[in-house]
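Peer 1: Below is a structure I'd like to ask you about.
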Amino acid sequence: AQSVSQHNHHVILSEAASLELGCNYSYGGTVNLFWYVQYPGQHLQLLLKYFSGDPLVKGIKGFEAEFIKSKFSFNLRKPSVQWSDTAEYFCAVNPYNAGNMLTFGGGTRLMVKP
Amino acid sequence: KAGVTQTPRYLIKTRGQQVTLSCSPISGHRSVSWYQQTPGQGLQFLFEYFSETQRNKGNFPGRFSGRQFSNSRSEMNVSTLELGDSALYLCASSLFAGALSPYNEQFFGPGTRLTVL
């Protein structure tokens, strides 16, 4: 069965530090890839997505992610985090033959210290 | 444009009871998916409905069921509640079934937090 791994469960950074959250998936076929963010007390919001084309995708709030097919990875990056980035981040995979079903990673809780 | 709405937002039940949760998709969206979010298991797919038909099902026991109405609103039901069913239940809607795409993105609602005592 397919799975999604997020290696960092908790990350603590100071403001202005750079961020990279790892995401690896196990699925041999074509996939769509997503990063979602869940701010405290709020619902899941789409941060960015990859369907095809340029493997470097840009999302909202200065986030970007790079799809490396050979490594089955879709890591999330931000050059300079802000206190308002404190949230839980989820990587998700949607295989082409799985309808609208998303398989999520376990999430990474990011705390940004002011 | 209103987002995905879920009712109720909070629910407390006792073991053995059954519960029904409701989801209204974004206007025009015809596909509804349900997910369970728990601290231990994370976000797990329950099922997907499109045109009143279940299109996809996750690995959950038969106590978890759902349905979709002709107006695309969906309900999920959990019978014989167990303590482990305490979770945030999320509903997501998209325009149509089939693979997600730039023209068929999925939007999540705020969830229903179910506590089983």
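Peer 1: Does residue B:92 qualify as being within 11 Å of chain A (Cβ to nearest Cβ), assigned to a strand (DSSP E or B) and out of contact with any helix residue (DSSP H, G or I) (no Cβ under 7 Å at 6 or more places or on another chain)?
Peer 2: yes
Peer 1: I would also like to ask the following. Residues A:28, A:22, A:99: which one is without any contact (Cβ under 8 Å) to a residue 60 or more places away in the chain and over 24 Å from residue B:108 (Cα atoms)?
Peer 2: None of the others qualify; the one that does is A:28.
Peer 1: Here is a further query. Within the stretch B:79-87, identify whether any single residue is within 14 Å of chain A (Cβ to nearest Cβ), in contact (Cβ under 8 Å) with a residue 60 or more places away in the chain, closer than 20 Å to residue A:107 by Cβ and outside any loop (DSSP other than H, G, I, E, B), and answer yes or no.
Peer 2: no
Peer 1: For the stretch A:1-73, which fully contained strands (runs of 3 or more DSSP E) count at least 2 residues that are crowded, with 18+ Cβ neighbours inside 10 Å, modelled with pLDDT under 95 and touching a strand residue (DSSP E or B) at 6+ places or on another chain (Cβ under 8 Å)?
Peer 2: A:31-38, A:45-50
Peer 1: Inspect the stretch B:70-77 for any residue being part of a strand (DSSP E or B) and exposed (fewer than 14 other Cβ atoms within 10 Å of the Cβ) and give the result as yes or no.
Peer 2: For the stretch B:70-77, residues part of a strand (DSSP E or B) and exposed (fewer than 14 other Cβ atoms within 10 Å of the Cβ): present.
Peer 1: For residue A:81, are the conditions met, namely being more than 14 Å from every other protein chain (Cβ to nearest Cβ), part of a strand (DSSP E or B) and either hydrophobic (A, V, I, L, M, F, W, C) or out of contact with any Pro (no Cβ under 6 Å at 6 or more places or on another chain) (or both)?
Peer 2: no
Peer 1: Spot the failing condition for residue A:98; the list is (1) small (Gly, Ala, Ser); (2) under 20 Å from residue B:103 (Cβ atoms); (3) surrounded by fewer than 19 Cβ atoms within 10 Å (Cβ to Cβ), and only one is missed.
Peer 2: (3)
Peer 1: Does residue A:112 qualify as being of a type outside the set (Phe, Trp, Tyr), surrounded by 19 or more Cβ atoms within 10 Å (Cβ to Cβ), within 12 Å of the chain's Cα centre (by Cα) and more than 23 Å from residue B:95 (Cβ to Cβ)?
Peer 2: Values: of a type outside the set (Phe, Trp, Tyr): yes; surrounded by 19 or more Cβ atoms within 10 Å (Cβ to Cβ): yes; within 12 Å of the chain's Cα centre (by Cα): no; more than 23 Å from residue B:95 (Cβ to Cβ): yes.
Against the criterion (of a type outside the set (Phe, Trp, Tyr), surrounded by 19 or more Cβ atoms within 10 Å (Cβ to Cβ), within 12 Å of the chain's Cα centre (by Cα) and more than 23 Å from residue B:95 (Cβ to Cβ)), residue A:112 does not qualify.
Peer 1: I've got another one for you. Is it the case, given these coordinates, that residue A:84 is under 28 Å from residue B:112 (Cβ atoms) and small (Gly, Ala, Ser)?
Peer 2: Spelling it out, residue A:84 is indeed under 28 Å from residue B:112 (Cβ atoms) and small (Gly, Ala, Ser).
Peer 1: Look at the stretch B:53-86 and say how many of its residues are on the phi < 0 side of the Ramachandran plot and touching a strand residue (DSSP E or B) at 6+ places or on another chain (Cβ under 7 Å).
Peer 2: The total comes to 23.
Peer 1: Regarding residue B:97, is this residue crowded, with 18+ Cβ neighbours inside 10 Å and in a loop (DSSP other than H, G, I, E, B)?
Peer 2: yes
Peer 1: If residue A:87 satisfies all but one of (1) surrounded by 12 or more Cβ atoms within 10 Å (Cβ to Cβ); (2) within 13 Å of another protein chain (Cβ to nearest Cβ); (3) touching a residue at least 12 places away in the same chain (Cβ under 8 Å), what's the number of the condition it fails?
Peer 2: Failing condition for residue A:87: (2).
The values are calculated or read from the model by the stated rules, or taken from the named source; none is laboratory data. Owing to the predicted nature of the structure, the values given are computational and were not obtained by experimental measurement. Every residue, glycine among them, receives a Cβ derived from its backbone with ideal geometry; neighbour counts consider all protein chains shown.
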